[in-house]
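First comes the structure, then the notes that go with it.
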Amino acid sequence: MSTSIDTSSIGYNYSIMYSLFYSKNKNVIDKEVTNLIYDQIDLMTAFKQNDSAVQQLKFIIDKFFVYSTILGKEQGQLGMPQIRDHGVYKPVVSIDELRNIYIPSLNFREKMSIVRNFSAKNDCLMYEILLEYTFQKNTGNISAFELKYPMLDTTYLDHSINLIEEILGFDIIETEKCYDNINGSREIVRPGCKPFYKMIQEDYQANPTGSPITLCWLWHPLVYGVPYQDVIKLPADNKVKTLSTSFTNNNKELIPGCMTETFMNYPIVPPLSEREQRFIKSELNENPLVDGLYQRPPWTPPICFMKQIEPTSFYVNLQKQYNKFFVSNLSGHVMLFLITSRYFKNINLNYIILANLLFMVPYNHSIHEIFQAAKVMGINTSYSIKKNDLDNLNEFLTESALEPITLSKAATIQVPQDRPKFTKSYSKGGRRKKTKRNKRNKKTKRRRLNHRKTRKH
């Protein structure tokens, strides 16, 4: 690698992401994300095995897509799934259509968005499966559970249940009983009574709090289950937290200008699909096409809405010491993707880490923030901040039985630069570039006019 490249620049991170996306490895990574989606579909179908096919499809769509309208300007959102039939879009009408026609047609970013929606929706699906597993285990009937859910890793189910019980301080099975109130004052024994975990969930939905944490949320206890998140996310005034807490929300008035320049200089990969553009135009009332020069989707990535806390933390200064590009704190999304993926027995976690690189670099997180987050989760433990990002990636690719990459010439690495700071907002369309071609065309036009005048005389 050339020593002239500034490894702390956004351009360096962008170039690595770009080169990885257009390498042979991308197809392998994409296939693994698709397999994870299929596992999730099979899980939800099995969970609703006593329901009609129509009800099963509705449940899956609600889990994968309805949440899109809540996430709004999150990348890769699509709204309700539709397929094109003879030039006309129509809703998906069966699980077979969803699985065999719609999902294969999606680009990489859209697939990652679906996986994220599965984890992000605060419902009781996975918590109920943990309770179902606990019941079958206690009654000596694990084989029946494994027959129903062959895609699940029961070892990780045991781990999750133990962690939940450590958080609660009592057995998880107690939350399936019925009580007269949400404080559990008196147990109720009657057919059809509402279990305790559902009472808690409905109370939260009726009276939402600042935190989304309910009993049902504990199937992926990111805050309570990951020590790093304990320090970063839980309220506390201590010196250890200040070492790593490095960013806060930026001034929202600065975001439009930042988004314009970021997406203009570092175009999204892959370009927006027709589905994404339709969603942005119809659901968000935005136009993703800017001046015919580039696409600027209405996303607000952390590179624009997060700013450093002053004075800079030990964590930020450490990254500066090792010439790392940084966007925010370590990626909680990576941790959540890995927790979710661990529930399924045949998913390669290394590929999921690589998928996160393609999904979030350089707008949401840096390569370092993703690799270090994976290391916190006990994966890619050989990662070293002392090595540059390309060397770290190629070592990881080799460990994952994939091909190392070289930086593509098509991904231009711009002049070394600091994290962009914007002092004003630009209009929605951004600033129109005056290109050399425009100047040349204007000059040629003037020459033609002068030539015509000369001929007339």
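The values are calculated or read from the model by the stated rules, or taken from the named source; none is laboratory data. Because the structure is a prediction, the values reported are computed rather than measured. FYI the Cβ positions are ideal-geometry reconstructions off the backbone, even for glycines, and counts take in every protein chain you see.
Considering only residues of region 288-298 that are farther than 19 Å from L106 by Cα and in contact (Cβ under 8 Å) with a residue 40 or more places away in the chain, which is surrounded by the fewest Cβ atoms within 10 Å (Cβ to Cβ)?
First pass over region 288-298, keeping only residues farther than 19 Å from L106 by Cα: 289-294, 296, 298.
Okay, now just the ones that are also in contact (Cβ under 8 Å) with a residue 40 or more places away in the chain, so 290-291, 293, 296, 298.
On the way: V290: 19, D291: 12, L293: 14, R296: 25, P298: 16.
Step by step, filter region 288-298, then rank; the result is D291.
What number of residues within region 10-47 are among the hydrophobic types (A, V, I, L, M, F, W, C) and over 25 Å from N364 (Cα atoms)?
Taking region 10-47 as the starting set, the residues that turn out to be among the hydrophobic types (A, V, I, L, M, F, W, C) are 10, 16-17, 20-21, 28-29, 33, 36-37, 41, 43-44, 46-47.
Still in the running and over 25 Å from N364 (Cα atoms): 41, 43-44, 46-47.
Total meeting the criteria: 5.
Within region 1-44, can you find the residues that are closer than 18 Å to T398 by Cβ and modelled with pLDDT of 95 or more?
I16, S19, L20, S23, K24, N25, K26, N27, V28, I29, E32
Among (1) touching a helix residue (DSSP H, G or I) at 6+ places or on another chain (Cβ under 7 Å); (2) buried (at least 16 other Cβ atoms within 10 Å of the Cβ), there is one condition K307 misses while meeting the rest; what is its number?
Just one mismatch for K307, condition (1).
Against the conditions (1) under 30 Å from S313 (Cα atoms); (2) in contact with a strand residue (DSSP E or B) (Cβ under 8 Å, 6 or more places away or on another chain); (3) at pLDDT 80 or above, where does Q229 fall short? Just the number, please.
(2) is the only condition that Q229 fails.
Going by the structure shown, is K442 assigned to a helix (DSSP H, G or I) and either aliphatic (A, V, I, L, M) or at pLDDT 70 or above (or both)?
Numbers: assigned to a helix (DSSP H, G or I): yes; either aliphatic (A, V, I, L, M) or at pLDDT 70 or above (or both): no.
Spelling it out, it is not the case that K442 is assigned to a helix (DSSP H, G or I) and either aliphatic (A, V, I, L, M) or at pLDDT 70 or above (or both).
What helices (runs of 4 or more DSSP H), lying completely within region 108-197, carry at least 2 residues that are out of contact with any strand residue (DSSP E or B) (no Cβ under 8 Å at 6 or more places or on another chain) and without any contact (Cβ under 8 Å) to a residue 24 or more places away in the chain? I'd like the intermediate steps shown before the answer.
Numbers: elements: 108-120, 125-138, 142-148, 154-168.
Counting at least 2 such residues, we get 125-138, 142-148, 154-168.
State which residue is nearest to L357 (Cα to Cα) when the search covers only region 121-153 and only residues that are in contact with an Asp or Glu (Cβ under 9 Å, 6 or more places away or on another chain) and modelled with pLDDT under 95.
Of everything passing the filter in region 121-153, K121 is nearest to L357 (Cα to Cα).
Let's see how each residue does on (1) within 27 Å of the chain's Cα centre (by Cα); (2) assigned by TED's automatic domain parsing to the domain that holds K198; (3) within 18 Å of I41 (Cβ to Cβ); (4) aliphatic (A, V, I, L, M):
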residue	(1), (2), (3), (4)
L131	no, yes, no, yes
K137	no, yes, no, no
G140	no, yes, no, no
F145	no, yes, no, no
K148	no, yes, yes, no
D153	yes, yes, yes, no
H159	yes, yes, no, no
L163	yes, yes, no, yes
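Counting just the residues of region 64-110 that are under 12 Å from E276 (Cβ atoms) and out of contact with any Lys or Arg (no Cβ under 9 Å at 6 or more places or on another chain), which one comes out modelled with the lowest pLDDT?
So, considering only residues that are under 12 Å from E276 (Cβ atoms) and out of contact with any Lys or Arg (no Cβ under 9 Å at 6 or more places or on another chain), the one modelled with the lowest pLDDT is S68.
Run down N392, N364 and say which single residue is on the phi < 0 side of the Ramachandran plot and either assigned to a loop (DSSP other than H, G, I, E, B) or among the charged types (D, E, K, R) (or both).
Working: N392 fails: either assigned to a loop (DSSP other than H, G, I, E, B) or among the charged types (D, E, K, R) (or both).
None of the other options fit; the residue is N364.
Could you check region 5-100 for helices (runs of 4 or more DSSP H) lying wholly inside it with 2 or more residues that are over 30 Å from E261 (Cβ atoms)? Before the answer, list the steps.
Values: elements: 10-21, 25-47, 53-61, 68-71.
Ranges flagged: 25-47, 53-61.
Could you give me the residue pairs with C-beta distances under 8 Å whose first residue belongs to region 35-62 and is under 12 Å from M151 (Cα atoms) and surrounded by fewer than 17 Cβ atoms within 10 Å (Cβ to Cβ), whose second residue is modelled with pLDDT of 95 or more and not charged (D, E, K, R) wherever it lies, and which are 6+ apart or on separate chains?
If the second residue must be modelled with pLDDT of 95 or more and not charged (D, E, K, R), the pairs left are N35/I347; Y38/I103; A46/Y149.
Picking from K345, K387, which residue would you name as being at pLDDT 95 or above, closer than 18 Å to N13 by Cα and surrounded by fewer than 20 Cβ atoms within 10 Å (Cβ to Cβ)? Show your work before the answer.
On the way: K345 fails: closer than 18 Å to N13 by Cα.
Going through K345, K387 in turn, just one is at pLDDT 95 or above, closer than 18 Å to N13 by Cα and surrounded by fewer than 20 Cβ atoms within 10 Å (Cβ to Cβ): K387.
Does region 310-328 include one or more residues that are touching a His at 6+ places or on another chain (Cβ under 6 Å), in contact (Cβ under 8 Å) with a residue 12 or more places away in the chain and not small (G, A, S)? Please lay out each step first, then the result.
Pass one, region 310-328, residues touching a His at 6+ places or on another chain (Cβ under 6 Å): 324, 327.
Subset that is in contact (Cβ under 8 Å) with a residue 12 or more places away in the chain: 324, 327.
Subsequent filtering for residues that are not small (G, A, S) retains 324, 327.
Yes, the conditions are met somewhere in region 310-328.
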